[in-house]
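What follows is calculated from the coordinates using simple rules that are stated; it is not laboratory data. Model, not experiment: these values are computed from the prediction. Quick reminder, even Gly has a Cβ in these numbers, built from the backbone with ideal geometry, and neighbours come from all protein chains shown.
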Amino acid sequence: MTDLPSPLQNHLLAALSPDVQDRLFPHLRLVTLPLGKVVYESGSSMHYAYFPTDSIVSLLYVMENGASAEISVVGNEGLLGIALFMGGESTPSRAIVQSEGSAYKLSAQRLKDEFNRHGEMQILMLRYTQSLITQMAQTAVCNRHHSIHQQLCRWLLLSLDRLPNNQLTMTQELIANMLGVRREGVTEAAGNLQRLGIINYHRGHITVLDRTKLEKQCCECYAVVKKETDRLLPRPAKQ
């Protein structure tokens, strides 16, 4: 049998003091997030916050005609459900699992009760929200001004930062939906990276072979997001 994921694999939960952990951890529930699962639908009420451990969830905006584009990714550095403590209770974006894995869910009321203590949980959640806003803003700029090749590099690097290894499972069609571009563009960009020896792509499985080269192929957008995330959020202790 494999060991169950620990709440401490989520960087926000791991950063809380023992007192706060003692209040929250008994109420966490482990859930499995399969690839493609919709965690939140646009406009629906939120009843839980989710703290990913080894999964990645994409936040997408979906247009009336069905076209979509990713505005941010959430993995073990953060949580899904900032609207719960920001006062909105719902969100216009869709949250869909990009990389399968697990997460711990916490009831909306438990999260709000801890947030409203005006202590360390509130400070941590607000700092995370600022880092998420930075990612959203930089993604919007990147989607407007940079090539599909650069966008794919940024997307791969953001995903790698949230995974325990250098392998992703993702079809070109899903990547195209995330980036809001045509599948042919993703096929060409992925092919270029493979020819450069940076990735190996086969039947929906992407292995990053040379991260340093991947970073050199990327635009400045990844570095901006990474720097702000590192500045605002605690670094996890070595397990």
Grab the DSSP H runs of the chain that are 4 residues or longer, score each as -39,500 (n - 2.57), total them, divide by all residues and round the 222 nm result to the nearest 500 deg cm²/dmol. -13000 deg cm²/dmol
Mind giving me the FRET efficiency for residue 216 and residue 90? R0 is 30 Å, r the Cβ-Cβ distance, nearest 0.05 is fine. 0.15
So the compactness index of region 1-104, its C-alpha Rg divided by 2.2 N^0.38 Å, takes the value 1.10
What residues have an amide H closer than 5 Å to that of residue 69, excluding those fewer than 5 places away on the same chain, when H is modeled at 1.01 Å from N in the peptide plane? 61
So how far, in whole Å, is the C-alpha centre of region 1-53 from the one of region 75-129? 9 Å
Sort region 147-218 into rounded, prolate or oblate with this rule: let a ≥ b ≥ c be the square roots of the eigenvalues of the Cα gyration tensor; rounded if a/c is under 1.5, and if a/c is not under 1.5, prolate when a/b is larger than b/c, oblate otherwise. rounded
Contour minus Cα-Cα distance for residue 147 and residue 29 (0.36 nm per residue): 38.4 nm
On a full-extension model of 0.36 nm per residue, what is the gain between residue 62 and residue 37, subtracting their alpha-carbon distance, rounded to one decimal in nm? 7.5 nm
Name the residues whose placed amide hydrogens come within less than 5 Å of the amide hydrogen of residue 54, ignoring near sequence neighbours (fewer than 5 apart) on the same chain. 102
Residue 202 versus residue 117: modelled label distance in nm, points set 7 Å from Cα along the beta carbon direction: 5.0 nm
